[in-house]
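Contents: one structure, followed by commentary.
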Amino acid sequence: MSNYRMTYPLAGQTILITRAMGAASEFRHLLEAKGAVVLELPALVIKPPSSWVELDQAIIDINNFDWLILTSANGVNYFWQRWEKYGKTKEDLQHLKIAVVGKKTAQVLSNYGVEADFIPPDFVADAMVTNFPDALVGCKMLFPRVETGGREILVQEFSQEGAWVLEVPAYQSGCPDDIDSTVLSALENGIVDIITFASSKTVGNFYDLLVRAEGADTAQSLLESVALASIGPQTSQTCQELFQRVDVEASEYTLSGLGRALENFVSKR
């Protein structure tokens, strides 16, 4: 392998990133540093929940809980927004243990001056129950989460083990109104080599946006020569359901892990 290829392992690849609208794309910079040309498609709109009542009441009653469960950066940010609205600081969380899923979620929490007490070894929510450090029987948990469409398995498994979990809506996610015209043109002209997905919702929303713009048959044909890359098993499952395939899956379920998986995939093409 040449020095150039070692330095820029994604050179010659045009990669479409699907992401949340308005999200800072560290992933874009990571891929560009590896030589890729990167396009971005906002495929997820993050906004406040339909009501703050449940989360606000949980914050008022925070001393009733043993653990705070946070499974996404959005959950951290929206929880903290309401936390500060009530004049609370990180010191008011000292009695509470905090569990998070993934390094990114932990980093966002750390940005507020709070360190997680528990991060499961695998970057998926299901691993949290299996590896949980405290006895679950009678454990009281607060789980601020997406209002609709989130996976239920975490709450179900905690409850089966005897924990009491209060789910409260902290944010909502939805689909943009239409697909970006530049991205659509790139797909129509066969410019895109790889599309990356970092969540099941971005897979579903991308599918809906493309079908809305092109129709189901044309949408599938536009992707025939495009590799579909997933951050992990849950996202891959949605790819399989909607596109009947997934070509790349990260073994470490982070954006850095997805970047490494892309390098490995491209090196073997």
(request) Using only the Cα atoms, work out Rg/Rh for the stretch 1-75, with Rh taken as the Kirkwood radius, to two decimals. (result) 1.25
(request) Express in whole angstrom the spacing between the alpha-carbon centres of the stretch 189-235 and the stretch 32-100. (result) 28 Å
(request) Give me the net charge of SER72's neighbourhood, meaning all other residues with Cβ under 12 Å from the Cβ of SER72; Lys, Arg count +1, Asp, Glu -1. (result) +4
(message) How tilted is helix 73-85 with respect to the longest principal axis of the chain? Cα atoms for both, answer in degrees (0 to 90, nearest 10).
(response) 40 degrees
(request) Could you give the C-alpha radius of gyration of the chain expressed as a fraction of 2.2 N^0.38 Å, taking N as the number of residues it contains? (result) 1.08
(message) Given the DSSP H assignment, sum -39500 (n - 2.57) over each helix run of at least 4 residues in the chain and divide by its residue total; what's the result at 222 nm in deg cm²/dmol, nearest 500?
(response) -11500 deg cm²/dmol
(message) How compact is the stretch 53-174 by the rule of thumb for globular proteins, expressed as Cα Rg over 2.2 N^0.38 Å?
(response) 0.97
(message) About the Cα centre, and with charges only on the beta carbon of Lys, Arg (+1) and Asp, Glu (-1), how big is the dipole of the chain? Nearest 20 debye, please.
(response) 600 debye
(request) Arrange TRP164, TRP67 by Cβ neighbour counts within 10 Å, fewest through most, would you? (result) TRP164, TRP67
(request) List the pair-distance distribution P(r) of the stretch 131-185, using every Cα-Cα distance, as the percent of pairs falling in each 10 Å bin from 0 up to the bin containing the longest distance, rounded to whole percents. (result) 20, 36, 21, 12, 10, 2
(message) Could you list MET141, MET6 so that the one with the fewest beta carbons within 10 Å of its beta carbon is first and the one with the most is last?
(response) MET6, MET141
(message) Against the empirical 2.2 N^0.38 Å scaling, what ratio does the C-alpha Rg of the stretch 112-204 come to?
(response) 1.51
(request) Using a cut-off of 13 Å between beta-carbons, work out the net charge of the residues near SER199 (Lys and Arg +1, Asp and Glu -1, SER199 not included). (result) +4
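Values in this text are rule-based calculations from the coordinates and carry no lab data. From a predicted model like this one, the values you see are computed outputs, not experimental measurements. Ideal geometry is used to build each Cβ from the backbone, glycine not excepted, and the neighbour counts take in all protein chains shown.
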